[in-house]
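Where a number appears in this text, it was derived from the coordinates with a stated rule and is not lab data. All figures in this text were calculated on a predicted structure; none of them were measured in a lab. A quick note on method: Cβ atoms are made from the backbone with ideal geometry, for glycine too, and the neighbour counts reach across all protein chains shown.
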Amino acid sequence: MCDSCGCPSAGNLSSSHSHDGEGVVHTHGTAPGRTVDVHASLFAANDALARINRDHFDDAGAVVLNLISSPGSGKTTLLEHTIDALKGEISIGVIEGDIETERDADRIRAKGVPAVQLTTGGACHLDAAMIHRGFHLLQKEQGGDRIDLLFIENVGNLVCPATFDLGEHERVVLVSVPEGPDKPAKYPKAFTSSNTFLITKTDLLPYFDFPVAEATREALQLNPQLQVIDLCATKGGEGFDTWLGYLRNLVSQMKAGTR
Ligand SMILES: Nc1nc2c(ncn2[C@@H]2O[C@H](COP(=O)(O)OP(=O)(O)OP(=O)(O)O)[C@@H](O)[C@H]2O)c(=O)[nH]1
Ligand SMILES: [Mg+2]
Ligand SMILES: [Zn+2]
Ligand SMILES: [Zn+2]
């Protein structure tokens, strides 16, 4: 998938070798058994920067969530409605990741919340270095005002973003009802590496074959620690309230120093 970023992908792998997803990638055209450990250092460098990011976030007292999903699962829409619901209560900032355009950051700014748009120019994920830059830009834009809750909206992609630690405190994976219930089984790393699984666009359940209980069961089989919330961002309701409660709880824990 990812020629520009060199993430582990089927195209990089020899079919005769397994791949652990941790950065050991086989080169094209080499004889079976010859491997080049070209990505271990890339991931080690990313992880080192992610630790620095986490220290920055802790020092600033900001809880940071990394949202990952396929394109169009409803990440920005969820943020827009979350901002509306928490305005005046929790100070929010957003770092947006896309391959091109400022559009998602513009949508967030239209809600009166500071946003930094990172455009990757081709790479299909954000990495810790981009977030380090983005966080300092956001702090500058805030002019020293505190951010309690920082959302990172990753590039729409269920594969590469799961492999890059950004230094976030919580990783949230979204699957929308029209995408189908088989995504946990097909894209396991996104679910094994996440804390929370949001099933979005539940207003569309009458029109799609999406057994929520089955998708939840498959996700929990992969990761029993996952918190699963099904919600509709646009119409609100019980699931959306659960999401807001989850965010409020994270912010309270951060302020109390219990996380
Ligand atoms: N019916 C319904 N549509 C929704 C809901 N949430 C988002 N949408 C629609 O889904 C489409 C994509 O929403 P976005 O929020 O832009 O999705 P995204 O995940 O941010 O997309 P990328 O940034 O491109 O990855 C838009 O047309 C939204 O109006 C929902 O709860 N119900
Ligand atoms: Mg978006
Ligand atoms: Zn990538
Ligand atoms: Zn720094």
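Go through region 87-186 and name the trypsin sites (Lys or Arg not before Pro) that are in a DSSP coil and have 14 or fewer other Cβ atoms within 10 Å of their Cβ.
Listed in order of number, the matching sites are Lys87, Arg146.
Measure nothing but the geometry: give the 0 to 90° angle between the long axis through the Cα atoms of 212-222 and the longest principal axis through the Cα atoms of the chain, rounded to 10°.
The two axes meet at around 50 degrees.
From the helices alone, meaning DSSP H stretches of at least four residues, give me the mean residue ellipticity at 222 nm for the chain, per-run term -39500 (n - 2.57), in deg cm²/dmol to the nearest 500.
Dividing the helical sum by the residues of the chain leaves -11000 deg cm²/dmol.
Taking every pair of Cα atoms in the chain, average 1/r, invert it to obtain the Kirkwood radius, and report Rg/Rh to two decimals.
Looking at the chain, the ratio lands at 0.97.
Taking the Cα centre of region 50-124 as origin, work out the dipole magnitude from +1 charges on Lys and Arg Cβ and -1 charges on Asp and Glu Cβ, in debye rounded to 20.
Dipole of region 50-124, to the nearest 20 debye: 100 debye.
Rounded to the nearest 5, what % of DSSP beta bridges with both residues in the chain are antiparallel?
The antiparallel proportion sits near 5 percent.
Compute a Gaussian network model of the chain, connecting alpha carbons closer than 10 Å, and tell me which residue from Asp106, Asp127, Asp165 fluctuates the most.
Maximum among the listed residues: Asp106.
Label 7 Å along Cα→Cβ of Ala85; region 166-198 residues with amide nitrogen under 16 Å?
Hits in region 166-198 for Ala85 at 16 Å: 172-175, 196-198.
Quick one: putting +1 on the C-beta of Lys and Arg, -1 on the C-beta of Asp and Glu, what dipole do you get for the chain around its Cα centre, in Debye to the nearest 20?
It works out to roughly 180 debye.
What is the set of long-range amide H partners of Leu118 at a cut-off below 5 Å, with H atoms built 1.01 Å from backbone N?
Distant-sequence amide H within range of Leu118: Glu96, Gly97, Asp98.
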